[in-house]
Each structure stands twice: as structure tokens, then as C-alpha cells.
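Reviewing the structure listed below.
The values are calculated or read from the model by the stated rules, or taken from the named source; none is laboratory data. Bear in mind the structure is a predicted one, so any value in this text is a computation, not a measurement. Quick reminder, even Gly has a Cβ in these numbers, built from the backbone with ideal geometry, and neighbours come from all protein chains shown. What goes into the accessible areas is simple: the full protein's heavy atoms, side chains included, and nothing from ligands, DNA or RNA. Shrake-Rupley method; radii C 1.70, N 1.55, O 1.52, S 1.80 Å.
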Amino acid sequence: MTVIGYGALSAHQKLQAVSFDREPLRDGEVEIDIEFCGVCHSDIHQCADDWENSVWPCVPGHEIVGTVIKIGAGVRKFAIGDTVGVGCMVNSCQVCAACKAGDEQYCTGPKSATFTYNGPKLPDGSNSYGGFSDSITVREEFVLAIPAAISPAQAAPILCAGVTTYSPMKHFGLKPGQSLGVAGIGGLGHMAVQIGKALGAAVTAFTTTADKIDAVAALGADRVIVMDDAADVAAAAQTLDIMIDTIPYPHDLADYLGFMKPGSTLVVVGNMMEFAAFNPGPLVFNRIAVAGSLIGGIAETQAVLNLCAEHGIRPEIEMIEMADINHAFDRIKAGDVRFRHVIDMASLKAEKAAIAKGCEHLPAPTRGEPVNRKTA
């Protein structure tokens with residue numbers, strides 16, 4: 001099946017129109033016509049090789065919503081015409097302890113999880129291509145049901161930004177009435193504020209941008225701290241039980257440790273590059289834990305979709321056309337988005353004939369075999 005999309009052929013290169021051939025539909029798999037795809041800051045990092053793990057060519061996109069157009073033999077959960085989503089993963093071993101616990105992102109199988117793009121977490125020389133394309137085929141275990149209450153375009157960012165912030169809240173035991181901090185109010189942070197409120201927390205948002213105060217308060221934050229306001233920073237000292245640090249670039253973690261109560265946990269979900277050196281004394285003297293969290297499992301992703309449907313939580317999105325993706329990347333890097341771009345894939349399909357004629361044809365990707373399926 002020939003697919004069109006947009007991808008980068010090497011680091012720091014602008015994304016361009018491409019085509020490639022996806023492997024045919026197999027037993028247990030679902031073919032999806034992509035209608036919308038969110039634009040995540042991690043797409044920018046991967047296309048720039050900021051994490052030094054990019055596999056080329058890179059066809060990003062892991063906040064995918066579309067319609068089921070074909071199902072393979074043995075598919076039980078989905079039918080043709082269903083509105084479905086695909087997040088950050090398309091495969092895992094399904095039998096290790098992590099997979100059985102619903103933590104497929106930490107799969108300890110031979111390849112670990114296979115990401116929607118950029119291939120397996122444990123590289124094996126293969127590549128996978130994501131949702132900046134017109135269709136995708138995925139084993140049914142990694143396909144999500146989109147609740148009818150959420151529009152397909154608004155559902156897309158929940159598949160990464162939503163679950164990436166929800167998962168650590170659940171794992172680290174956020175309880176109603178506790179205080180939650182959210183550092184960085186972008187695509188992830190604005191979802192974290194809303195999800196934390198739905199889970200019953202008192203939410204404090206931390207931003208370096210004073211002109212976001214009203215927008216963040218409108219999301220439900222109980223308090224908004226601008227990091228260069230010394231009085232507000234001092235007043236928030238040792239007030240948090242949990243902080244979700246969504247800032248996607250290197251920053252000084254010490255700036256945020258002072259907000260943590262004794263026995264609290266600061267969870268890093270955004271920065272996978274580096275932190276400035278800091279004095280660990282506050283960690284020791286206050287038994288503060290610094291932890292990390294990677295996206296979320298499939299069951300957690302379905303849970304956060306359902307939570308968002310139930311509580312009226314929606315990402316704030318700006319729709320763009322596929323051809324505008326490089327401009328969108330520039331705007332995200334400049335902080336000029338409130339709060340998530342979503343690509344209308346109808347704009348890509350409208351150019352399919354022209355793209356297919358003159359674009360770069362990429363080597364075929366793989367998504368891995370649908371191993372260890374439960375057929376009973």
C-alpha cells in the first residue's frame with residue numbers, strides 16, 4: 001500500500017513531501033485512514049536528533065485519529081467505520097512483566113516497545129513511520145477507541161500530551177486534595193492542569209511567560225506562578241506533593257526543588273536532553289524524589305480518553321494544513337502556540353496525486369510482527 005506523508009531525511013532538514021509502501025494488512029491488525037494528527041514537541045526533537053536516537057528518514061506523528069477502513073482476520077475490538085486513535089506505540093512483546101502490567105512503554109522484550117515512528121526502543125536497524133501520513137496499519141492491541149463525546153481533532157493530543165501527564169499522576173499516587181504543580185504550560189502542561197483538577201488536586205501552574213496567566217487560569221489552575229516574580233515564588237515554597245515537569249528543553253531543576261514538600265516527588269516528562277548541575281542537598285534534607293515517566297500504557301491511554309470525555313477536558317488546538325508543518329515547527333520553538341497544533345489530513349489527501357508524482361520515495365518501514373496475540 002503506497003502512502004504519502006511528510007518527513008525529514010536528515011537532522012535539521014525541513015520536512016518534505018514523501019511517499020512509501022506500508023506492509024500489507026495482517027491478521028490481528030487494523031488499517032486506519034488518518035484524519036487528524038497532533039504536532040508534539042518531541043516531533044521537533046526527533047527531526048533535529050536532539051535526543052541522539054533518531055532513525056532516518058523520520059516521518060513523525062504519534063497523536064493519530066482516523067477511521068477504520070480495513071480489519072484483519074481475528075480482530076475483535078474494532079469494526080470498519082469506527083473512530084479510533086493511535087498514540088506513541090504500535091507494538092511490544094506482550095508477554096513480559098511490563099506488558100502484562102499494562103506498561104508496554106517499558107517492555108523488556110527483545111526490541112522493547114516499537115514506537116509509532118523511529119522504530120523500536122531497542123534499535124535493530126529497522127524504522128517505523130508515523131502519522132504525518134494519510135494512513136497507518138497497527139495491531140489492534142495498540143488501537144484506542146475514541147469516545148463519541150470528543151471530536152476527533154481534539155482527541156488527537158490526548159494520545160500523547162494527555163497520557164504523558166496522566167500516567168505519572170496515577171503511578172505516583174496523586175490523591176484528591178493534594179497539591180499538584182505543573183512546570184511549563186505548553187501542549188503537555190495545559191493538559192496536565194486540566195487532568196490534575198479532574199483528579200481532585202489543587203493545581204499550581206509555573207510559567208516563564210506572564211501573558212499566559214489568564215489562559216492558564218481559564219484552564220482551571222488554582223494558582224499561576226510566574227517564575228521571575230520573586231514574591232510569588234517565595235510564597236509557593238514547599239507547597240507541592242507532586243510536580244509534573246513538562247518543560248521540553250534543558251533547564252535548571254534547582255529552580256523547582258524549592259516548591260516541593262518533604263516527602264514529595266518531582267516527575268520529569270519533558271526534558272530528555274540534560275539538566276544543569278544542582279546541589280542535591282534539598283533532596284536529602286527533605287526526602288524529595290526526582291523521577292521520570294515515559295508516555296503511558298495502552299490501558300492508561302484509554303483511561304485518560306474516557307476521563308477527558310467524562311469531565312469535559314479538551315486540548316486547546318489550532319488547526320493547520322500539512323504543507324504548513326515547517327512553519328508550525330518554527331512557531332512551537334518560538335512559543336507561539338496556545339497550546340497544540342493539529343494537522344487536518346484532508347489537506348494532505350487533497351494533494352495526493354501531485355505529491356505521489358514528484359516526491360522522494362522512502363524505504364519501506366516496518367511495524368514488527370503482531371506477536372503473542374491473544375486469540376481466545
Discussion item. Give me the one-decimal nm value for the distance between modelled label points at ASN372 and ASP49, 7 Å along each residue's Cα-to-Cβ direction.
Written reply: 3.2 nm
Worksheet item: Restricting the count to DSSP beta bridges whose residues both fall in the chain, what percent are antiparallel, rounded to a multiple of 5?
Response: 50 percent
Worksheet entry | Whole-number percent relative contact order across the chain, with pairs defined as alpha carbons under 8 Å at least 6 apart | 21 percent
Worksheet item: What aspartates and glutamates could a cross-link reach from LYS175, if we take a straight Cα to Cα line under 19 Å and drop same-chain neighbours fewer than 8 places away?
Response: ASP222, ASP241, ASP245, GLU300, GLU310
Item to complete: Tell me what the chain gives for mean residue ellipticity at 222 nm when only DSSP H runs of n ≥ 4 count, each as -39,500 (n - 2.57), the sum divided by the residue total, rounded to 500 deg cm²/dmol.
Response: -6500 deg cm²/dmol
Worksheet item: In whole Å, what is the distance between the alpha-carbon centres of region 28-81 and region 237-284?
Response: 31 Å
Worksheet item: Between LYS357 and ASP214, what is the spin-label point distance in nm, taking each point 7 Å from the Cα along the Cα→C-beta axis?
Response: 4.8 nm
Discussion item. I want to check the label-to-label distance for ASP228 and ALA277. Put each point 7 Å from Cα in the C-beta direction and report it in nm to one decimal.
Written reply: 2.7 nm
Worksheet item: Projected onto the charge dipole of the chain (+1 at Lys/Arg Cβ, -1 at Asp/Glu Cβ, origin at the Cα centre), which of HIS45, GLY72, THR2 gives the Cα projection farthest towards the positive end?
Response: GLY72
Worksheet entry | Over 25 Å between alpha carbons, listed pairs LYS170/LYS333; LYS121/LYS261; LYS212/LYS333 | LYS170/LYS333; LYS121/LYS261
Worksheet item: Looking at region 68-166, which trypsin sites (Lys or Arg not before Pro) are in a loop (DSSP not H, G, I, E or B) and have at most 10 other Cβ atoms within 10 Å?
Response: ARG76
Discussion item. Explain nothing, just the number: dipole magnitude of region 260-376 about its Cα centre with +1 on each Lys and Arg Cβ and -1 on each Asp and Glu Cβ, in debye rounded to the nearest 20.
Written reply: 400 debye
Practice prompt. Mind ranking 296-304, 102-110 by how tightly packed they are, going by the mean number of other C-beta atoms within 10 angstrom, highest first?
Written response: 296-304, 102-110
Practice prompt. Taking a cut-off of 29 Å between Cα atoms, list the lysines near LYS357, but don't count ones fewer than 8 places away on the same chain.
Written response: LYS14, LYS70, LYS349
Discussion item. For the chain, take the longest principal axis of its alpha carbons; what is the angle in degrees between that and the long axis of helix 161-171, to the nearest 10 within 0 to 90?
Written reply: 60 degrees
Worksheet item: region 120-175 to region 353-376: how many Å between their Cα centroids?
Response: 18 Å
Worksheet item: Counting pairs of alpha carbon atoms under 8 Å apart in space and at least six apart in sequence, what relative contact order in percent does region 19-103 give?
Response: 31 percent
Worksheet item: When the chain is fully extended, how far beyond the present Cα-Cα distance does ASP330 get from VAL95, taking 0.36 nm per residue of separation?
Response: 80.5 nm
Practice prompt. Could you name the aspartates and glutamates whose alpha carbon sits less than 13 Å from that of LYS374, not counting residues in the same chain fewer than 8 places away?
Written response: ASP27, GLU29, GLU140, GLU141
Item to complete: Could you tell me the accessible area of HIS361 in Å² (1.4 Å probe, neighbours in place), rounded to the nearest ten?
Response: 100 Å²
